[in-house]
1. Among the residues of the stretch 1-30, write down those that are modelled with pLDDT of 95 or more, open to solvent by 80 Å² or more (accessible area, probe 1.4 Å) and either closer than 21 Å to Ala104 by Cα or of a type in the set (D, E, K, R) (or both).
2. Restricting the search to the stretch 277-308, which residues are closer than 12 Å to Ala257 by Cα, open to solvent by less than 40 Å² (accessible area, probe 1.4 Å) and in a loop (DSSP other than H, G, I, E, B)?
3. Answer yes or no as to whether Val62 is closer than 16 Å to Leu7 by Cα, open to solvent by less than 20 Å² (accessible area, probe 1.4 Å), without any contact (Cβ under 8 Å) to a residue 60 or more places away in the chain and touching a helix residue (DSSP H, G or I) at 6+ places or on another chain (Cβ under 9 Å).
4. Do you know which of the residues in the stretch 81-94 that are polar (S, T, N, Q) and out of contact with any Asp or Glu (no Cβ under 7 Å at 6 or more places or on another chain) is nearest to Ser32 (Cα to Cα)?
5. Would you be able to tell me the number of residues in the stretch 231-250 that are without any contact (Cβ under 8 Å) to a residue 40 or more places away in the chain and among the basic types (Lys, Arg)?
6. Inside the stretch 1-80, counting only strands (runs of 3 or more DSSP E) that do not spill past its ends, which hold 3 or more residues that are touching an Asp or Glu at 6+ places or on another chain (Cβ under 9 Å), aliphatic (A, V, I, L, M) and within 21 Å of Pro92 (Cβ to Cβ)?
7. Just a yes or no: is a residue in the stretch 225-240 in a strand (DSSP E or B), open to solvent by 50 Å² or more (accessible area, probe 1.4 Å) and farther than 23 Å from Val352 by Cα?
8. Out of all the residues in the stretch 362-381, which are at pLDDT below 90 and either among the aliphatic types (A, V, I, L, M) or touching an Asp or Glu at 6+ places or on another chain (Cβ under 8 Å) (or both)?
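The values are calculated or read from the model by the stated rules, or taken from the named source; none is laboratory data. On a predicted model such as this, the values are computed, not experimentally measured, just so you know. In this analysis, Cβ positions are derived from the backbone assuming ideal geometry, glycine residues included, and neighbour counts consider all displayed protein chains. With ligands, DNA and RNA removed, areas are computed over all heavy atoms of the protein, side chains included. Shrake-Rupley method; radii C 1.70, N 1.55, O 1.52, S 1.80 Å.
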Amino acid sequence: MRVHLVLNPAAGHRTARAFTDEHVLSLLAERSVRVWETSAPGDGVRVGRELGDVLDGGEADVIVVGGDGTTHELLSGLYLPHLTGSSPAHAPQINLIPIPLGTANALYSSLHPPQPSSDPPATSPISHLLSLTSFLSPSSHSLRPLPLSLVRSANGPPHLAHIVTSMSTHALLLRASEALRPTHPGIERFKLGFAQIAGRSPRARVDILSSSSSSSPPEIYRPQKGWVPLHSRTLHGPFAYFLATHVDRLEPHFVVAPERPPEGRMNILAYRPGRAGMDVGEREKVAACLVEISRAMYAGGKHVDLVLQEGEEGEGEVEWIRAEGFRWTPAKADVSVGGQEEDDEDAKVLCVDGTIVELERVGSVESRVVHWGEGEERVHVYA
């Protein structure tokens, strides 16, 4: 079977092409390889569509030299036409081989979490080739399904997520840091961006979704009990943090959920300052709590074991839910213009796999895990 290699030349501070020539293609010398290149941000969608036409419902091994954004674009081009009904053809099946040259590399970090120092150091080229090595070594194959979520809004185009869909602090921080990129291209822009948005808590309602035929109803984690049924399917904001993900970490050491979700479900994490007795206007206090939660995430995901001091005994400070999906509905702000209530603008900002989406008009955003059918998974990834 022919190998397709998707290269983002801009990845790795524009070292992706040299890395591919030196470390990747040499390992594929005995394989038939077709190389596809992206030429600009967003161009991976075009590559995905053209690759889908070539595959015509067939199967292929696909190496992606880039980051989560490149993979997101590729998967969107490959599968959104099928999931939204704009393509009558059968969706292709791909076996993904990520080579992490992006910023955070959440997918790769989830597949290959940091190990003791006996493993290749992070600076070694070998540390970037673990999935490729698995693909090339039949005796050590580790191929697993890669879950996807379809994200739909009331007034905009659909999106496909394989890593994260977020609102509130995570999305607002990414938007602020991207605006700072021209003047602060380094990672310091995230610190500056956080200072701009710290403590802002968008007003929204979240409905936790499950299908009527599901045998796995939503669950919520209790620090002292473990997983228990989720009885209240509606969460009322404000939300200082809200994120849904298919992986356990967004960076090598930034663990947002200590366990990957079971098949057919996503991890949903929420922090609502009102549950801890804080008002939405207490931004400094909310920001301080978020810093502590973030530190616990970097400490191996210990934030899920923080116990809420207010409310029912044993509730988690951070709500960790497993479900098939969610619906986010922005609420009205506490201000009015010309006698009309204004939408909470912060609640209309979302992030899908690192891509910032701003809703032009108020309306719900719904995200659901894609169900291909029993034994019909279309995307797998080498671990």
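1. Result: Arg17, Asp21, Glu22.
2. Gly301, the sole residue that qualifies.
3. It is true that Val62 is closer than 16 Å to Leu7 by Cα, open to solvent by less than 20 Å² (accessible area, probe 1.4 Å), without any contact (Cβ under 8 Å) to a residue 60 or more places away in the chain and touching a helix residue (DSSP H, G or I) at 6+ places or on another chain (Cβ under 9 Å).
4. So the first thing to find is which residues in the stretch 81-94 are polar (S, T, N, Q), and the list is 84, 86-87, 93.
Next, from what is left, pick out any that are out of contact with any Asp or Glu (no Cβ under 7 Å at 6 or more places or on another chain): 84, 86-87.
Working: Thr84: 32, Ser86: 31, Ser87: 28 Å.
Out of the qualifying residues, it is Ser87.
5. So the count comes out to 1.
6. Where strands (runs of 3 or more DSSP E) fall fully within the stretch 1-80 and carry at least 3 residues being touching an Asp or Glu at 6+ places or on another chain (Cβ under 9 Å), aliphatic (A, V, I, L, M) and within 21 Å of Pro92 (Cβ to Cβ), they are 3-7.
7. Within the stretch 225-240, one or more residues are in a strand (DSSP E or B), open to solvent by 50 Å² or more (accessible area, probe 1.4 Å) and farther than 23 Å from Val352 by Cα.
8. The one that is at pLDDT below 90 and either among the aliphatic types (A, V, I, L, M) or touching an Asp or Glu at 6+ places or on another chain (Cβ under 8 Å) (or both): Val362.
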